[in-house]
1. Roughly how many Å is it from the Cα centre of region A:350-418 to that of region B:28-78, as a whole number?
2. Using alpha-carbon positions, what is the distance between the centroids of region B:208-278 and region A:206-239, in Å?
3. If the limit is 23 Å between Cα atoms, which of A:LYS39/A:LYS148; A:LYS264/B:LYS122; A:LYS122/B:LYS264 go over it?
4. Say a label goes 7 Å from Cα toward Cβ at B:GLU333 in every copy; what distances in nm does this one have to the rest, shortest first?
5. What is the local net charge at B:VAL53, summed over the other residues whose Cβ is closer than 11 Å to its Cβ (Lys, Arg +1; Asp, Glu -1)?
6. Could you check what % of the DSSP bridge pairs in region A:80-314 are antiparallel, to the nearest 5?
7. Provide Rg and Dmax in Å for region A:80-314, with only Cα atoms included in the calculation.
8. Residues of region A:80-314: accessible area per residue at 1.4 Å, in Å²?
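The values are calculated or read from the model by the stated rules, or taken from the named source; none is laboratory data. All of these numbers come straight from a predicted model, not from anything done at the bench. We place every Cβ from the backbone using ideal geometry, glycine too, and count neighbours over all the protein chains shown. These accessible areas exclude ligands, DNA and RNA; they are computed on the full protein's heavy atoms, side chains included. Shrake-Rupley method; radii C 1.70, N 1.55, O 1.52, S 1.80 Å.
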There are 2 protein chains.
Amino acid sequence: MNSPMLQTNESQDSRLRARAARVIPGGMWGHQRAEALPKGYPQFFASGKGARVTDVDGREYIDFMCAWGPIILGHQHEGVEAAAAAQASAGNCLNGPTEHAVILAERLVDTVAHADWALLQKNGSDAMTTCITTARAATGRRKILIAKGAYHGAVPWCSPSLVGVTSEDRAHLLHFTFNDVDSLVAAVADAGDDLAAIVVSAFRHDLGIPQELPTEAFAHAVRKHCDDSGAVMVLDDVRAGFRLNMAGSWEGTGVRPDLTAFSKAIANGHALSAVTGSEWLRDAANSVFVTGSFWYAGAQMAAGVATLDELVRIDGPALMARAGHRLRNGLDEQAARHGFALNQSGPVAMPLVQFAGDDPKASLGEAFCGEALRRGVYLHHRHNMFLSTAHTDAEIDCALEATEDAFAALARNRPKDQGDAA
Amino acid sequence: MNSPMLQTNESQDSRLRARAARVIPGGMWGHQRAEALPKGYPQFFASGKGARVTDVDGREYIDFMCAWGPIILGHQHEGVEAAAAAQASAGNCLNGPTEHAVILAERLVDTVAHADWALLQKNGSDAMTTCITTARAATGRRKILIAKGAYHGAVPWCSPSLVGVTSEDRAHLLHFTFNDVDSLVAAVADAGDDLAAIVVSAFRHDLGIPQELPTEAFAHAVRKHCDDSGAVMVLDDVRAGFRLNMAGSWEGTGVRPDLTAFSKAIANGHALSAVTGSEWLRDAANSVFVTGSFWYAGAQMAAGVATLDELVRIDGPALMARAGHRLRNGLDEQAARHGFALNQSGPVAMPLVQFAGDDPKASLGEAFCGEALRRGVYLHHRHNMFLSTAHTDAEIDCALEATEDAFAALARNRPKDQGDAA
């Protein structure tokens, strides 16, 4: 691993930031804007391989963000890249889809437990919007129930920001609290006979608060209220899909959705999203008009087929759980030894690591991530992280060597009033 | 050119359609669904090269749809593919953007006349939605004026279909008629002090009706009403961008927009869209939250830089206009010789070819396209077509040889009451 250095004005990253500031509002947009990351985090990247990414100044990191989710078999997975390249070298964007559209839809129907059909798109927001439109078309109703604080995309009806959004864009949203059956019952009652859909995330992964897996009671209540009212149960599996369970992230709850939105990891970084649906929604899905200029492109779909096949072949979710447990246990042990207590939440393959007693800005977490980054490990202090099947035992152990030093540095510089182990 | 055959049940296309019918609602979705095309058109494609595409049964066509717009330098342009592959072989979807994000934003600012900044996305619908959100953020107002019948994307606020869409999704849309200044003035008056934006297409390219270029009077009226009210002028250049004028499709009118949405041809088939904006909207663009999992991927942006550079280097719009004139003149001459009159409209590089006296379903046009397809030329009877810089004189002449025979066949089979030259 190269020895990472702090940014300097002479770095390529700094030069690119200065150029970006002139031609891009705020220098960068959206969730990959480095402004919200700990100091010293690079804005611009050059390459990735396996569990590692390299920034534009040649600094290599063991990567625990996986491009914020899309990378699930490791960066530049040879089988996936070969499948994409084979189609890309013949043609990608043509006058109609390639055979990969059919093969990928077949794979999704074979793999996802509730799926009888699939539609393919580009963004997670595309897939979630299609779910809502399909639910309304199927039911002839309007109200959509979503969990308070849940992220379902970056378009006006669901954006976490209300800037530039009108009240009408959210007119038919009603809210409940994830895992709170009473709040769900109240929201269902509010919707009356106009309930089109209940939308749930794979688990509660709101920014900066402890993650929660769905309780069985909550999962069954969601299903029951959809069944009782004829509403559509929508699972937003954009972020978690294929990392926890190939059959769908709620498969372990004993509850299956009617529609699922997938994206991020479906093609190991190639731009693709999908909606899968149950048979009773096939006609509704066929009745709505959804399309995009690049939605039929073959190379990304070939990458999707290769990704799903490889994840099934190697039992990807089991490998990522193994890596996640090793990381979680290692971090807990190190933290305790250096006098910190961690609050690690969520599935181990998508961990959120918080310091007990940290302030709302996660200052201690931010300082820890900064120390880890300087030692070649790319973590996040407020967002869930992502493991991939390239996170072998050796890579996890290498990362833990660096975090051991990061905890030691944190302990040396520790403010007296912060982060005591309870 | 291979000798195209009609579809049979034994064709690969038929076999894929049968498989697709089981796992994809309606067998295919959106604008590349072959159902709306003339009989005998293939649903599935295998490859493309230059001005030619090949379907899954090995039938090759001279392509006048260019993947419905994205292909502008011809299929599999070597320079573009090499630029994309260079980044893709290092890494595409990483923890932050690559340097290509900055370079592409710089190119857009250098190339597009009104542009002081750029944001990059995936779909044309993404870009148009961002324009609307940015206009509302900048003005604090809500009303959006759009032309009746204009296509601006496939999401609820602008979808051509109302299935699954609520009235609130369109609550703040007001309509005018393209090129009709009086209707524009009336819509501006209706918006009162709540006018956020006036949205115009590059030209009127509504499905199935003659295309219209913007009149100077209309263009200046749009600009004036935006200036007078402080509203944002949005140019939807998703379909036409970089085919007519590298500086923006309204550059010839003497009017420049405040925001432009680009997509389709920006990266010669690689999935990318962009919003460019004027300086006064920089802060508003920075204030809205727009993002997507794959919006930072480097390979598509590298393809975008290579595409724009090549179009500038070879003066792509001039080449496409040359090809378009050759095609238009050739078709007119042939039609007249065989006793038909054509109504060819729109810019020559994006032609709509209609038969004078045809019925509303364009039955004569459909029959002509079917005859041309059997002779190896892929046309569309109701949607504007697209030329690319790979449409050399030789390719146009080769296509005209086939259409000469198609007109002859059409004349032989001509119903007595249809399509007489006036």
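1. 50
2. For region B:208-278 versus region A:206-239, the Cα centre distance is 43 Å.
3. Long pairs (Cα-Cα over 23 Å): A:LYS39/A:LYS148.
4. 8.3
5. Every neighbour counted, the sum reads 0.
6. Values: 10 of 25 bridges.
Restricted to region A:80-314, the bridges split so that about 40 percent are antiparallel.
7. Using the Cα atoms of region A:80-314, the pair Rg, Dmax is 17.4, 55 Å.
8. Value for region A:80-314: 29 Å² per residue.
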